[in-house]
Amino acid sequence: TKKKKKKKGTVVSPPKPYKVMRINSNTARENPGAQVEQQLTRRALLRDAELTPRDLRRIDPSLLQTNNTPALLVNDQTILVNLGVRVIIRPDHALLFEPDTATARRFLAAVEQRQKNSQREQGLRVSDRSLAYDGYRGMELENGHEISESVNGSTDASTPSDYDLDKTPGGVGGAPIPFELEVVEAALQETTSQLYAKMEFCEERCRQVSKRLQSSINPAVLEELRLTKQSLVELDSRAGAVRQVLLDTLDDDDDITDFTISSTAETEEEKEDEEEEVENLIEYYLQQTETVHSAAEQLLENTRDLEESISVSLSSRRYEVSKLELTLSIATFAAALGALITGIFGMNLRSCLEMSITAFYLTCFLIFSGIGAIFQAIMRYARRQKIL
């Protein structure tokens, strides 16, 4: 009986859990406003964010193709952000990938500051609402409209049922900024800060290269120019990608409508106000990104012009070197003819001129004169033919 060989199955190691920072909103049921570090498996992350694996791949930090691909996607009750930081935003919390990086720490500090400001504004709003309401009641009492005496002497206190300070134009009320807008704005701010820092670095680098090129052109300066151009290309590509993402989001009416996933708006006017707030936010950072993109294109164009001027300068130098080489070649040819005559006299043959001193000096003079004449004749021919 032949023994069947058992096939060894390949053992697939489970993927490493994602290290994320959970950022709770100020209205979360548990630990409002807290930032808690968590380890989530892929399945738990998909279940928490209600995402499909295809959606998660857009911001997965373990995939190299998503590292430099900006994204701002609205999917039902989830917003996916890949703008400098990778964040999954839910109505009451957000999940930040790679929280130990310097970029993530700046982002967390910005979100925390925004949440504190939101809480402070909310407290002031409640205080101003109570003060305004007390003032309204005082005015009614002063005008004699609050208490009406009946025939039997009883008092009837009437409250202003149709007065809503939040809906009054110019009032001190107003809805707080949604949590998702605070997180998205912090991500956009971090992205634009990175773009501006990169642009300032490239501008300073371009100035230094231009200054060094004015003094001398050497391989070290040319290498610095190449690296500067490479940085500008990366900046232009990055700013253009972020600009396109914001432009696509702004042009998509459905994304603008669904952006406020924690919205509690009931009336059409409140919904329009929220949509306008989203549009204003995206338009502002779109303008910032376009500014960086335009500046990067201008710097890149200046760098290309600088490269062209360097190429022209190097071509001029190569032309001068070629002229020198041609001149030396002509001189070498003329000298070779003189050496030919010298070699003829150096042969072991008698010509009756070996013992004559006059013949020696005359021959030397004729050789040098012939070399000079041949050299001048070839040079005149080269200039006439516009070779030199």
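The values are calculated or read from the model by the stated rules, or taken from the named source; none is laboratory data. All figures in this text were calculated on a predicted structure; none of them were measured in a lab. Ideal geometry is used to build each Cβ from the backbone, glycine not excepted, and the neighbour counts take in all protein chains shown. Surface accessibility is based on the protein's heavy atoms, side chains included, excluding ligands, DNA and RNA. Shrake-Rupley method; radii C 1.70, N 1.55, O 1.52, S 1.80 Å.
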Looking at this structure, is Gln208 farther than 17 Å from Thr291 by Cβ and of a type outside the set (Lys, Arg)?
yes
With Thr267, Thr260, Thr289 as the choices, which residue is open to solvent by less than 50 Å² (accessible area, probe 1.4 Å) and either farther than 24 Å from Ala94 by Cα or hydrophobic (A, V, I, L, M, F, W, C) (or both)?
Thr289
Hey, can you tell me all the residues within the range 23-55 that are under 26 Å from Val242 (Cα atoms), surrounded by 11 or more Cβ atoms within 10 Å (Cβ to Cβ) and either of a type in the set (Asp, Glu) or free of Cβ contacts under 8 Å to residues at least 24 places away in the same chain (or both)?
Leu46, Glu50, Asp55
As an exercise: evaluate Ile357 against (1) open to solvent by 100 Å² or more (accessible area, probe 1.4 Å); (2) hydrophobic (A, V, I, L, M, F, W, C); (3) in contact with a helix residue (DSSP H, G or I) (Cβ under 8 Å, 6 or more places away or on another chain) and give the number of the one condition it does not meet.
(3)
Please tell me if Glu275 is surrounded by 15 or more Cβ atoms within 10 Å (Cβ to Cβ) and of a type in the set (Asp, Glu).
yes
Condition met for Pro15 (modelled with pLDDT under 90, in contact with a helix residue (DSSP H, G or I) (Cβ under 6 Å, 6 or more places away or on another chain) and under 20 Å from Phe259 (Cβ atoms)):
no
Of everything in the range 322-373 that's within 30 Å of Ile387 (Cβ to Cβ) and among the polar types (S, T, N, Q), which residue is modelled with the lowest pLDDT?
Thr342
Going through the range 73-83 in order, the residues found to be in contact (Cβ under 8 Å) with a residue 40 or more places away in the chain and out of contact with any strand residue (DSSP E or B) (no Cβ under 6 Å at 6 or more places or on another chain) are Val74, Asp76, Gln77, Thr78, Leu83
Expected output for the range 277-306 (first residue closer than 15 Å to Val245 by Cα and of a type in the set (Asp, Glu), partner assigned to a helix (DSSP H, G or I) and open to solvent by 20 Å² or more (accessible area, probe 1.4 Å), Cβ below 8 Å, 6+ apart or cross-chain) is Glu279/Leu250; Glu283/Leu250; Glu290/Arg243
Scan the range 186-205 and report the pairs whose first residue is under 13 Å from Leu300 (Cα atoms) and whose second residue is part of a helix (DSSP H, G or I) and β-branched (Val, Ile, Thr), with Cβ atoms within less than 7 Å and a gap of 6+ or a chain change.
Met199/Val292; Cys202/Thr228; Arg205/Thr228
Expected single match for closer than 30 Å to Asp251 by Cβ and either at pLDDT below 80 or within 20 Å of the chain's Cα centre (by Cα) (or both) among Leu124, Leu95, Leu46, Leu64 is Leu64
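What about Ala102, is it free of Cβ contacts under 8 Å to residues at least 12 places away in the same chain and either farther than 21 Å from Ala197 by Cα or open to solvent by 10 Å² or more (accessible area, probe 1.4 Å) (or both)?
Yes.
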Over the range 205-247, the set of residues modelled with pLDDT of 90 or more, surrounded by fewer than 19 Cβ atoms within 10 Å (Cβ to Cβ) and of a type in the set (Val, Ile, Thr) is Val233
Here are some residues: Leu286, Leu246. Which one is out of contact with any Ser or Thr (no Cβ under 7 Å at 6 or more places or on another chain), aliphatic (A, V, I, L, M) and part of a helix (DSSP H, G or I)?
Leu286
Taking Asp100 as meeting all but one of (1) modelled with pLDDT of 50 or more; (2) within 22 Å of Glu277 (Cα to Cα); (3) among the acidic types (Asp, Glu), write down the number of the exception.
(2)
Residue by residue through the range 293-314, note down the ones that are among the aliphatic types (A, V, I, L, M) and either exposed (fewer than 15 other Cβ atoms within 10 Å of the Cβ) or under 23 Å from Glu182 (Cβ atoms) (or both).
Val312, Leu314
